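Student: Following this message is one structure expressed as structure tokens.
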There are 4 protein chains.
Amino acid sequence: MSEITELTKKLIAFRDARDWKKFHNPKDLAVALSIESNELLEAFLWKHPEEASQEKIKEELADVFAYALLLANECGLDVTEIVVAKIEANNIKYPIEKVRGSAKKYYEI
Amino acid sequence: MSEITELTKKLIAFRDARDWKKFHNPKDLAVALSIESNELLEAFLWKHPEEASQEKIKEELADVFAYALLLANECGLDVTEIVVAKIEANNIKYPIEKVRGSAKKYYEI
Amino acid sequence: MSEITELTKKLIAFRDARDWKKFHNPKDLAVALSIESNELLEAFLWKHPEEASQEKIKEELADVFAYALLLANECGLDVTEIVVAKIEANNIKYPIEKVRGSAKKYYEI
Amino acid sequence: MSEITELTKKLIAFRDARDWKKFHNPKDLAVALSIESNELLEAFLWKHPEEASQEKIKEELADVFAYALLLANECGLDVTEIVVAKIEANNIKYPIEKVRGSAKKYYEI
């Protein structure tokens, strides 16, 4: 079994043991993901990037992955597949020779 | 090589070909993750969970994973390790017999 | 003095008494605003809209306004002016006869 | 009529002319507020605070205020009242002599 499938199974086992599936509709999972991303962001607030607590980053990034994996599962999406597809699309959207070294959005190129 | 390591390598190759590493400090990666989580959330705005565009979910969730993987890499964190550690911690924080069927936060139990 | 100017003055007095101006660059204020919006959003997580704690909404919405007002001040923006300008722009972007009763985005009309 | 009441009335008139009240439950308004906060945050992504587009800040901050005002109205909250109450609570939570010049959270003092 793949690493991502295995992680997802563990998350589902944790959830189902608590009968929490009923709360996990895709909309609330997306809300939870935004909340956790912002708890992660809080590690950096008023700080230089290197001053953030590594412990807080670890804790909150784990929550981000947990909800992202549960949402992917709920929507029947294969993580590797969608990320690889996105990289391929971005390879076309952001041609190396045009964006090298610049942070412009593709519609500004 | 593990699935997650392989995905991360692809993301880094995409980034380095464009010389974008200089933008990818952990703080801005966390900002990008929050922004992408909210583009994902937009798929659900003013809608019932099942009305969201599956295409938009796929696109934005891929971006969420991309920045989460890049941030984990930048901070030297192993995704499987931190998620498994979090599940174990939550197993203690949310004892099955106390939280079954309830969405209360651990400090409300 | 206008209501908004007076509120802003109170927020600045609170901040300056603590010598916190040095942290309040526009980027970190925008990060703080996103974090507070998500603490507000947490009041609604896993819940129907009417189940949210009114107390939590009140607390977090106050923080949202505080950072939004401080950011407007930092950027020299007049709140009434920018909101009225936005309503006027949206009156053209979303013509009543085309969008009445529909939640479509302007580019989907 | 106060400035904030007047702004809120204009936002409600815009909404009601389009029959959008039905979408504006407090949960979706909070979701919209988080999304707009993150569109604002995008003005600062990969940038130093002073490099952000003033035009984008103005546009997105106006949207933040619009949804914050509509949510306050939906929940029957008086903006001035809740912000002043929060400042007073924070005056106790963050005593000047203890926090002066430091960005620590109150539970770290």
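Student: Report in % the part of the accessible area of chain D that belongs to carbon and sulfur, leaving out ligands and nucleic acids; probe 1.4 Å. Don't jump to the answer; show the numbers that get you there.
Tutor: Details: 2570 of 5030 Å².
Percent of accessible area from carbon and sulfur atoms in chain D: 51.
Student: What whole-number volume per residue, in cubic angstrom, does the convex hull of the C-alpha atoms of chain C give? Spell out each step's value before the answer.
Tutor: Numbers: hull volume 17.4 nm³, N = 109.
With only Cα atoms used, chain C gives 160 Å³ per residue.
Student: From the alpha carbon gyration tensor of the protein assembly as shown, can you work out the equivalent ellipsoid semi-axes (sqrt of 5 times each eigenvalue) and give them in Å, largest to smallest?
Tutor: On the way: eigenvalues 216, 128, 119 Å².
Whole-Å semi-axes of the equivalent ellipsoid: 33, 25, 24.
Student: In whole percent, what relative contact order does chain C give with Cα contacts below 8 Å and a gap of six or more residues?
Tutor: Details: 50 pairs, mean separation 30.7, N = 109.
Over chain C, the number comes to 28 percent.
Student: What whole number of Å gives the distance from the Cα centroid of the stretch D:77-101 to the Cα centroid of the stretch B:31-80?
Tutor: Cα centres, the stretch B:31-80 to the stretch D:77-101: 34 Å.
Student: Once the Cα atoms of helix A:3-17 and of chain A are each reduced to a long axis, what angle between those two axes, in degrees from 0 to 90 to the nearest 10, is obtained?
Tutor: 40 degrees
Student: Under the definition of partner shielding as Cβ atoms of other protein chains within 10 Å of a residue Cβ, what is the mean value for peptide B:68-78?
Tutor: Values: counts 7, 3, 0, 4, 6, 0, 2, 5, 2, 6, 1.
So the per-residue partner count for this stretch is 3.
Student: Also: With Kirkwood's inverse mean 1/r over C-alpha pairs for Rh, give me the Rg to Rh ratio of the stretch C:4-61, two decimals please.
Tutor: Details: Rg = 14.5 Å, Rh = 13.3 Å.
That ratio is 1.09, to two decimals.
Student: Round to the nearest 10 and give me the degree value, 0 to 90, for the angle of helix C:26-42's Cα axis relative to the longest principal axis of chain C.
Tutor: Value to nearest ten degrees: 60.
Student: Per-residue ellipticity at 222 nm for the protein assembly as shown, helices alone: DSSP H runs ≥ 4 residues times -39500 (n - 2.57), over residue total, nearest 500 deg cm²/dmol? Provide the component values of the computation, followed by the final result.
Tutor: Numbers: 20 runs with 288 residues, N = 436.
Counting only the DSSP helices, I get -21500 deg cm²/dmol.
Student: Using a 10 Å cut-off on Cβ to Cβ distances, tally the other chain neighbours for every residue of D:51-63 and report the average as a whole number.
Tutor: Details: counts 2, 4, 0, 4, 0, 0, 8, 9, 4, 3, 11, 12, 4.
Across D:51-63, the average partner-chain Cβ count within 10 Å equals 5.
Student: When you look at the Cβ of every residue in A:8-18, what mean number of other chain Cβ atoms sits within 10 Å? Before the final figure, lay out each step's value.
Tutor: Numbers: counts 1, 0, 5, 5, 0, 1, 7, 1, 0, 5, 12.
Shielding by partners across A:8-18 averages 3.
Student: Within chain B, what's the longest stretch lacking trypsin sites (Lys or Arg not before Pro) that sit in DSSP loops with no more than 16 other Cβ atoms inside 10 Å? Display every interim value, and only then the final one.
Tutor: On the way: sites that count: B:Lys47, B:Arg100, B:Lys104, B:Lys105.
Value returned for the longest uninterrupted segment is B:48-99.
Student: Using a Gaussian network model on chain A with a 10 Å cutoff between Cα atoms, which of A:Pro26, A:Pro95, A:Pro49 fluctuates the most?
Tutor: Highest fluctuation of the listed residues: A:Pro95.
The values are calculated or read from the model by the stated rules, or taken from the named source; none is laboratory data. Not measured: the values here are computed from a predicted model. Virtual Cβ from ideal backbone geometry, glycine too; neighbours counted across all protein chains shown. Accessible surface is based on the protein model in full, side chains and every heavy atom, while ligands, DNA and RNA are left aside. Shrake-Rupley method; radii C 1.70, N 1.55, O 1.52, S 1.80 Å.
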